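Here's the structure, in structure tokens; my notes come after.
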Amino acid sequence: MIMDGNGRWAKKRHLPRVAGHARGVKRVRDIVEFCIARDIRYLTLFAFSTENWKRPVDEVNHLMGLFVSALENEVSKLHKNGIRLRIIGDLHPFNPRLQALIASAEARTAGNNRLTLTIAANYGGQWDIQRAFAGWMKARQAAGLAVTEQVKPEDIDLKPYLAMAYAPDPDLVIRTGGEQRISNFLLWQSAYAELYFTDTLWPAFGAAEMDQALVWYAQRERRFGQTSQQVQAVAR
Ligand code: IPE
Ligand code: IPE
Ligand code: MG
């Protein structure tokens, strides 16, 4: 879920941008409930990109504050509902309090399996791939194998080193807010995702809009490179 359009939602109402972010947090609650009710097992929310540091410092600070208060207020409820919380992204630049909250929320909910809710914070698909490659290289060296020009590209298996190695690749990527771009979300993992773009701004995206996206998704034929005929032969 690329949750875009908070600022524009607020602007339309002559409110400060941060009012849009606050409303956006409420929508997260609704969509999490929706996923539980509909037995969706993985929900990944893009909350802050590696590029979002370029925003005015006040807005960045406010977003960090919202993240802290959401963790403080929501984790018990998530845990009660059987939700496993994971945060992906480079967490090092976050303040120590936020890092500690993240670690404790992940540890507390680690045993849950009804829904895996992943928040991408200071996440970038390019960062993810670079980090995975570094992880792959380290593991290879630890196994006593050299990383030289002899390595064949097809031998570089990055999947286990990507930030979401614990989850299947996304089936559906939804972007609210009208833009039709990925903005550095799950670049590797979205290779075969269905892409759904809606003009609805994130603070206005609720259960009805989510339902519409799923109806649209259900109509897609996922061919993964094959022909329609091949896919239908297997389905029959
Ligand atoms: C998405 O809404 C939230 C974040 C990127 C943190 P925006 O803040 O990007 O809202 P618009 O795109 O300016 O309307
Ligand atoms: C994408 O929204 C990132 C998140 C939703 C966190 P942006 O508002 O940052 O995207 P761009 O800059 O318009 O592509
Ligand atoms: Mg935006």
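Note on the range 1-18: residues that are of a type in the set (D, E, K, R), within 16 Å of ligand 2 (Cβ to nearest atom) and outside any helix (DSSP H, G or I) total 1.
For the condition under 22 Å from Gly177 (Cα atoms), in a helix (DSSP H, G or I) and touching a helix residue (DSSP H, G or I) at 6+ places or on another chain (Cβ under 6 Å), what is the one hit in His79, His21?
His21
Only one entry in Glu51, Glu33, Glu74 is closer than 26 Å to Leu172 by Cβ, more than 16 Å from ligand 1 (Cβ to nearest atom) and either of a type in the set (A, V, I, L, M, F, W, C) or within 17 Å of the chain's Cα centre (by Cα) (or both), namely Glu33. If the condition is being open to solvent by 50 Å² or more (accessible area, probe 1.4 Å), in a loop (DSSP other than H, G, I, E, B) and either touching a residue at least 12 places away in the same chain (Cβ under 8 Å) or at negative phi (or both), then the range 127-152 contributes Ala143, Leu145, Ala146, Val147, Thr148, Glu149, Gln150, Lys152. Within 13 Å of ligand 2 (Cβ to nearest atom) and either within 16 Å of Leu186 (Cβ to Cβ) or open to solvent by 20 Å² or more (accessible area, probe 1.4 Å) (or both), is that true of Leu66? Considered against the rule, which asks whether it is within 13 Å of ligand 2 (Cβ to nearest atom) and either within 16 Å of Leu186 (Cβ to Cβ) or open to solvent by 20 Å² or more (accessible area, probe 1.4 Å) (or both), Leu66 comes out as yes. Within the option set Leu91, Leu43, Leu63, being within 21 Å of Arg175 (Cβ to Cβ) and outside any helix (DSSP H, G or I) holds for one residue only, Leu43.
Each row is one residue, and each column tells you yes or no for (1) open to solvent by 20 Å² or more (accessible area, probe 1.4 Å); (2) modelled with pLDDT under 95; (3) more than 16 Å from ligand 2 (Cβ to nearest atom).
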| site | (1), (2), (3) |
| --- | --- |
| Pro170 | yes, no, no |
| Gly177 | no, no, no |
| Leu186 | no, no, no |
| Phe197 | yes, no, no |
| Phe205 | no, no, no |
| Ala235 | yes, yes, yes |
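The values are calculated or read from the model by the stated rules, or taken from the named source; none is laboratory data. Computed from a predicted structure; not experimentally measured. All Cβ positions, even for glycine, are placed from backbone atoms using ideal geometry, and neighbour counts span all protein chains on display. Side chains included, ligands, DNA and RNA excluded: accessible areas come from the protein's heavy atoms. Shrake-Rupley method; radii C 1.70, N 1.55, O 1.52, S 1.80 Å.
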